[in-house]
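> After the structure tokens below, expect a handful of questions from me.
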Amino acid sequence: MILGKKLIVIMPAYNAEKTIRETYAELPHEYVDKVILVDDASKDNTPEIARELGIQTIMHMENKGYGANQKTCYGEALRHGADIVVMLHPDYQYSPRLVTAMASMIASGHYDIVLGSRILGGTALKGGMPFYKYIANRFLTLIANAVLGVKLSEYHTGFRAFTRNVLETLPLNENSDDFIFDNEILVQAVYFQFKIGELSCPTRYFKDASSINFRRSMIYGFGVIANLIKYILCRLSLKRSILFSSAGRKLQDK
């Protein structure tokens, strides 16, 4: 626990058999109450290795997508009584040792969401981030900050921590089942006025680390712009969106 709050780490997984052991080994197990992995129909031995490590493992029998995987992860974490949920990819791209720091920022009461930023430390390119992804990251972040009126170093990291309240309040079951889920949840968080903090996180890009290709990156980029347009229209009361409605379907809704 962190300051008396139950900490659960969730791992959305797909073909992570080569990296899951290293990721799990570096977790601060003295503080983590539970680890939950959701396997999105991997074609390798990810679920078997996860169970061998003692990780609670849930399997999607068909590939449902990254967003759908997160929905299952967060729903299970809430069901097990999490006060703080940290999402850590099991591909060893982000440092598991920073879970304690992120959870502590949440437990302090200062933040509702904490992002592990690859940009703050200035080492993203040295860590192997493809140059086109770095440029796209900076461009999309600049636009998002201007539209949303906040100042984050990046919106596209997959290393994130949330309070239980955030996951119960946002209409996450209205979100995409694909990669754009990551952006939707942050735009929703700004709309619902949750406090977002960041900490610097080194990143590793290597052969076995998961990464979307150029075509899907383009689709994601256009999705980010579409989300910002929806946000503007909703803020100006020109067009409603279920993404920003308290009546939208939440994780706990049937």
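> Taking interchain pairs and intrachain pairs at least six residues apart, which have beta carbon atoms under 6 angstrom, with the first residue in segment 27-55 and within 13 Å of His89 (Cα to Cα) and free of Cβ contacts under 8 Å to residues at least 40 places away in the same chain and the second open to solvent by less than 10 Å² (accessible area, probe 1.4 Å) and among the polar types (S, T, N, Q)?
Sorted first by the residue in segment 27-55, then by its partner, the pairs are Val38/Asn69; Asp39/Thr46; Asp40/Asn69.
> Please verify whether Ile135 is touching a Leu at 6+ places or on another chain (Cβ under 7 Å), open to solvent by 40 Å² or more (accessible area, probe 1.4 Å) and more than 30 Å from Glu30 (Cβ to Cβ), treating the condition exactly as stated. Before you say what the answer is, go through the steps one by one.
Details: touching a Leu at 6+ places or on another chain (Cβ under 7 Å): no; open to solvent by 40 Å² or more (accessible area, probe 1.4 Å): yes; more than 30 Å from Glu30 (Cβ to Cβ): yes.
Judged against the criteria, Ile135 is not a match.
> State yes or no: is Ala77 open to solvent by less than 20 Å² (accessible area, probe 1.4 Å) and more than 20 Å from Asp177 (Cβ to Cβ)? Let's see the steps before the verdict.
Details: open to solvent by less than 20 Å² (accessible area, probe 1.4 Å): yes; more than 20 Å from Asp177 (Cβ to Cβ): no.
Here the answer is no, as Ala77 does not meet what is asked.
> Is it true that Gly109 is modelled with pLDDT of 95 or more and closer than 30 Å to Arg215 by Cα?
So Gly109 fails the test.
> Of the residues Phe194, Phe162, Phe181, which single one is buried (at least 18 other Cβ atoms within 10 Å of the Cβ), touching a Gly at 6+ places or on another chain (Cβ under 8 Å) and in contact (Cβ under 8 Å) with a residue 60 or more places away in the chain? Write out each step before concluding.
Working: Phe194 fails: touching a Gly at 6+ places or on another chain (Cβ under 8 Å); Phe162 fails: touching a Gly at 6+ places or on another chain (Cβ under 8 Å).
Answer to the selection: Phe181.
> Given Ile119, Ile180, which one is of a type in the set (Val, Ile, Thr) and modelled with pLDDT under 95?
Working: Ile180 fails: modelled with pLDDT under 95.
Within the list Ile119, Ile180, the selection yields Ile119.
> Residues being assigned to a loop (DSSP other than H, G, I, E, B), closer than 26 Å to Tyr94 by Cα, of a type outside the set (S, T, N, Q) and open to solvent by 60 Å² or more (accessible area, probe 1.4 Å): count how many of those fall in segment 211-254.
Count: 0.
> Strands (runs of 3 or more DSSP E) wholly in segment 1-95 with at least 1 residues that are under 21 Å from Leu186 (Cβ atoms) and modelled with pLDDT of 95 or more - which ones? Steps first, please.
Numbers: elements: 7-13, 34-40, 56-60, 84-87.
The qualifying strands (runs of 3 or more DSSP E) are 7-13, 34-40, 84-87.
> Select, from Leu152, Leu140, the only residue that is of a type outside the set (Phe, Trp, Tyr), assigned to a helix (DSSP H, G or I), open to solvent by less than 30 Å² (accessible area, probe 1.4 Å) and closer than 21 Å to Leu170 by Cβ.
Values: Leu152 fails: assigned to a helix (DSSP H, G or I).
Matching residue, one of Leu152, Leu140: Leu140.
> Residue pairs, Cβ under 7 Å, 6 or more apart or interchain, first in segment 226-254 and over 20 Å from Leu186 (Cβ atoms), second open to solvent by 30 Å² or more (accessible area, probe 1.4 Å). List them.
Lys239/Leu233; Gln252/Glu168; Asp253/Asn173
> Something else about it: Collect the residues in segment 96-122 that are assigned to a loop (DSSP other than H, G, I, E, B) and out of contact with any helix residue (DSSP H, G or I) (no Cβ under 9 Å at 6 or more places or on another chain), keeping them in residue-number order.
Passing the criteria: Ser108, Gly109, His110, Leu120, Gly121, Gly122.
The values are calculated or read from the model by the stated rules, or taken from the named source; none is laboratory data. Everything quoted here is computed from the prediction, not taken from an experiment. Note that each Cβ is placed from the backbone with ideal geometry, even for glycine, and that neighbours are counted across all protein chains shown. The area values use the complete protein model at the heavy-atom level, side chains included, leaving out ligands, DNA and RNA. Shrake-Rupley method; radii C 1.70, N 1.55, O 1.52, S 1.80 Å.
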